[in-house]
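Take a look at the structure set out below.
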Amino acid sequence: MSKIIDGKIIASSLRRDLSREIISLKEKYNKVPGLAVVQVGNVAASSVYVKAKTKSALEVGIEVIDHHLEDLTTEKELLDLVDKLNNQNNVNGILVQLPLPKHMDEQKILDSISPDKDADGFHPLNVGRLSISASNNENLLIPCTPYGCLLMLRSLDIDLSGKNAVVVGRSNIVGKPMAQLLLKESCTVTVAHSKTQNLKNICRGADILVAAVGRPEMIKGDWIKDGGIVIDVGINRIEKSINGESKKKLVGDVEYSEAEKRASAITPVPGGVGPMTIACLLRNTTIAFKNSLKS
Ligand code: GUN
């Protein structure tokens, strides 16, 4: 049996700390961090995430500036909105929910967000800073999901230095920044992906396995090293037959029921990485606010 790394508890403790910090910043400066949340269109999953992000931000005392644009919005209109938000004093963080409609160039939009207000840490300058900086403790704007994964690993109070870490997935949002973070913790990092040969054997060597492939239960229980740590980033909605009845279920990228028999610690889905992503967004917004007070 493995220890369950409870993202709800760790995220709630991070939110409580942020909420206290925001109260004391408000007393000192008479203002609070502001987060602009931009959604284009009505992708169902995006609406769920945007709603959850907005609710959490308000709960910790962050002001939310909400912009919900229609699907047919042009790229120029979105660029104009980002430009306005870049220059708006009460906005410290800007989040443009992805994916964007197909007629837009996603990278062009992300590049247009001021690096100082980049609540997601997706701007090339922040990607570069993450790669160059020596430690993970500076006031960097770091992509939220991988930073949340790192906080979960740190919660285990083990020495990460020298551990074999395998990241399965090479996306800009999770896989690549996760690899950077683990490297700075002095892990030996392997990034595997859909073209990797012998994935099973590579996973079996992982002291730390981060699964971010977006395929339901692709990583089987017997791919997990005995005593390994499993961080499952996947959130996949599937139909599963339970007692002959077809039911909708959320599962991760790892076959949890078997993996938890081998792992020393594992994140559940739901209630694992998901809540951490949102808490880290609030952290980035607060960092951007504090940085704006210095300049
Ligand atoms: N879509 C899926 N994950 C994310 C995220 O972390 N940030 C944004 N902006 N969009 C997403």
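The values are calculated or read from the model by the stated rules, or taken from the named source; none is laboratory data. None of these values were measured; they are calculated from a predicted model. Virtual Cβ from ideal backbone geometry, glycine too; neighbours counted across all protein chains shown.
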Exercise. Any idea which of (1) assigned to a loop (DSSP other than H, G, I, E, B); (2) crowded, with 19+ Cβ neighbours inside 10 Å; (3) without any contact (Cβ under 8 Å) to a residue 60 or more places away in the chain is the one residue 141 doesn't satisfy?
Worked result: (3)
Problem set entry | Filter pass, residue 194 being within 16 Å of the ligand (Cβ to nearest atom), closer than 17 Å to residue 234 by Cβ and not in a helix (DSSP H, G or I) | no
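Taking the stated definitions as given, is residue 153 in contact with a Pro (Cβ under 6 Å, 6 or more places away or on another chain) and more than 15 Å from the ligand (Cβ to nearest atom)?
Spelling it out, it is not the case that residue 153 is in contact with a Pro (Cβ under 6 Å, 6 or more places away or on another chain) and more than 15 Å from the ligand (Cβ to nearest atom).
Is it true that some residue in segment 86-97 is surrounded by 17 or more Cβ atoms within 10 Å (Cβ to Cβ), farther than 29 Å from residue 210 by Cα and away from the ligand (no atom under 12 Å from the Cβ)? Steps first, please.
Of segment 86-97, the ones surrounded by 17 or more Cβ atoms within 10 Å (Cβ to Cβ) are 91-97.
Subsequent filtering for residues that are farther than 29 Å from residue 210 by Cα retains 91-92.
Applying the additional criterion that residues be away from the ligand (no atom under 12 Å from the Cβ) yields 91-92.
Yes, the conditions are met somewhere in segment 86-97.
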For this session: Specify which of the listed residues (125, 160) is in a loop (DSSP other than H, G, I, E, B), away from the ligand (no atom under 16 Å from the Cβ) and modelled with pLDDT of 95 or more.
Result: 160
For this session: Find all pairs meeting these conditions: Cβ atoms under 6 angstrom apart; at least six residues apart or on different chains; first residue within segment 152-176 and at positive phi; second residue outside any loop (DSSP other than H, G, I, E, B) and not polar (S, T, N, Q).
Result: 169/175
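If you go through segment 103-121 one residue at a time, how many are of a type outside the set (Val, Ile, Thr) and over 18 Å from residue 286 (Cβ atoms)?
9
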For this session: Output the residues belonging to segment 1-22 that are in a loop (DSSP other than H, G, I, E, B) and surrounded by 13 or more Cβ atoms within 10 Å (Cβ to Cβ).
Result: 2, 5, 6
Problem set entry | Residue in segment 23-66 that is farthest from the ligand (Cβ to nearest atom), counting only those that are under 19 Å from the mean Cα position of the chain (by Cα) and loosely packed, with under 12 Cβ neighbours inside 10 Å | 55
Seminar exercise, completed: Per the filter on segment 150-189, residues under 18 Å from the mean Cα position of the chain (by Cα) and more than 19 Å from residue 137 (Cβ to Cβ) are 166, 167, 168, 169, 170, 171, 172, 173, 174, 175, 176
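Being over 20 Å from residue 144 (Cβ atoms), in contact with a Lys or Arg (Cβ under 7 Å, 6 or more places away or on another chain), part of a loop (DSSP other than H, G, I, E, B) and not aliphatic (A, V, I, L, M), is that true of even one residue in segment 200-207?
The answer is yes, given that some residue of segment 200-207 is over 20 Å from residue 144 (Cβ atoms), in contact with a Lys or Arg (Cβ under 7 Å, 6 or more places away or on another chain), part of a loop (DSSP other than H, G, I, E, B) and not aliphatic (A, V, I, L, M).
What tally of residues in segment 46-101 results from selecting those that are part of a strand (DSSP E or B), aliphatic (A, V, I, L, M) and in contact with a Ser or Thr (Cβ under 8 Å, 6 or more places away or on another chain)?
Residues flagged as part of a strand (DSSP E or B), aliphatic (A, V, I, L, M) and in contact with a Ser or Thr (Cβ under 8 Å, 6 or more places away or on another chain) within segment 46-101 amount to 2.
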Exercise. Quick one: what pairs do we get from segment 84-99, first residue modelled with pLDDT under 95, second assigned to a loop (DSSP other than H, G, I, E, B) and within 16 Å of the ligand (Cβ to nearest atom), C-beta under 9 Å, 6+ apart or different chains?
Worked result: none
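Yes/no per residue for (1) out of contact with any strand residue (DSSP E or B) (no Cβ under 7 Å at 6 or more places or on another chain); (2) within 27 Å of residue 201 (Cβ to Cβ); (3) of a type in the set (Phe, Trp, Tyr):
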residue: 99; (1), (2), (3): yes, no, no
residue: 136; (1), (2), (3): yes, no, no
residue: 160; (1), (2), (3): yes, yes, no
residue: 167; (1), (2), (3): no, yes, no
residue: 171; (1), (2), (3): yes, yes, no
Seminar exercise, completed: Scanning segment 163-179 for residues that are away from the ligand (no atom under 16 Å from the Cβ) and not in a strand (DSSP E or B), the one surrounded by the most Cβ atoms within 10 Å (Cβ to Cβ) turns out to be 179
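One line per residue, one yes/no per condition, for (1) surrounded by 13 or more Cβ atoms within 10 Å (Cβ to Cβ); (2) in a strand (DSSP E or B); (3) under 17 Å from the mean Cα position of the chain (by Cα); (4) within 16 Å of the ligand (Cβ to nearest atom):
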| site | (1), (2), (3), (4) |
| --- | --- |
| 226 | no, no, no, no |
| 239 | no, yes, no, no |
| 247 | no, yes, no, no |
| 260 | yes, no, no, no |
| 280 | yes, no, yes, yes |
For this session: Take residue 271 and decide whether it is touching a strand residue (DSSP E or B) at 6+ places or on another chain (Cβ under 9 Å), part of a loop (DSSP other than H, G, I, E, B) and crowded, with 17+ Cβ neighbours inside 10 Å.
Result: no
